Amino acid sequence: MAIKSDGWIRRMAKEHGMIEPFADRQVRDGVISYGVSSYGYDMRVADEFRIFHSALFPVVDPKEFDDRSFLEYRGEACIIPPNSFALARSVEYFRIPRSILTICVGKSTYARCGLIVNVTPFEPEWEGFVTLEISNTTPLPAKVYANEGISQVLFFESDEMCEVSYADKKGKYQGQTGVTTAKL
């Protein structure tokens, strides 16, 4: 398995619509950076957020998750309560080729402020907007800026094609368009 470079990312975005919209260079003037980097792509967080609150339910249960556990919010910045989290979505829509797997890691600017960004791998032939989980590990409210960088996507190409892709198994998060909560 080999990590893919900026040239490969540019080519795949242009020829196959792998990332839309696509920033073909690193944008950083006055914003948390986003766009293509040496060996990855820094995706942005959209202005759609679902902020977790625990007023209605004493337990978070992934098998019986209730969407009423979130407050819907749309804006230029989102304040995440202390020791809590928010779900958001990427600005970019991804189409992952069959021979590719991605890993996402949070941007260091947010990590240095106590914010952890969790994104599961994009499996071969998965496509959609990315649902991001942003955890505020601090005892203070934390601010996240919409339409700016949030996480770096690293692309890995296998030496051989997978036998069963995410599309083949009709994955439950295929083609998601908004902030998507847990499904069983």
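The values are calculated or read from the model by the stated rules, or taken from the named source; none is laboratory data. Nothing here was measured: the structure is a model prediction, and the numbers come from that model. Here the Cβ is made from the backbone with ideal geometry for all residues, glycine too, and neighbour counts use every protein chain on show.
Summary of values
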{"quantity": "Residue list for the range 1-53, filter: over 22 Å from ILE100 (Cα atoms) and either part of a strand (DSSP E or B) or of a type in the set (A, V, I, L, M, F, W, C) (or both)", "calculated": "VAL27, VAL31, ILE32, VAL45, ALA46, ASP47, GLU48, PHE49, ARG50, ILE51, PHE52"}
{"quantity": "Extreme residue, surrounded by the most Cβ atoms within 10 Å (Cβ to Cβ), among residues of the range 40-86 that are touching a strand residue (DSSP E or B) at 6+ places or on another chain (Cβ under 7 Å) and acidic (Asp, Glu)", "calculated": "ASP42"}
{"quantity": "Residue count, the range 148-168 (criterion: β-branched (Val, Ile, Thr) and surrounded by 11 or more Cβ atoms within 10 Å (Cβ to Cβ))", "calculated": "2"}
{"quantity": "In the range 54-73, residue farthest from VAL91 (Cα to Cα) [restricted to those that are free of Cβ contacts under 8 Å to residues at least 40 places away in the same chain and in a strand (DSSP E or B)]", "calculated": "LEU71"}
{"quantity": "Selected residue [surrounded by 14 or more Cβ atoms within 10 Å (Cβ to Cβ), closer than 30 Å to LYS63 by Cβ, modelled with pLDDT under 95 and small (Gly, Ala, Ser)] from GLY128, GLY114, GLY106, GLY171", "calculated": "GLY171"}
{"quantity": "Scan of the range 131-147 for residues that are surrounded by 16 or more Cβ atoms within 10 Å (Cβ to Cβ) and of a type in the set (A, V, I, L, M, F, W, C), ordered by number", "calculated": "LEU132, ILE134, ALA142, VAL144, ALA146"}
{"quantity": "Filtered residue count, the range 102-122, keeping only those that are of a type in the set (S, T, N, Q) and in a loop (DSSP other than H, G, I, E, B)", "calculated": "1"}
{"quantity": "All positions within the range 123-149 that are closer than 18 Å to TYR166 by Cβ, of a type in the set (D, E, K, R) and not in a strand (DSSP E or B)", "calculated": "GLU123, GLU125"}
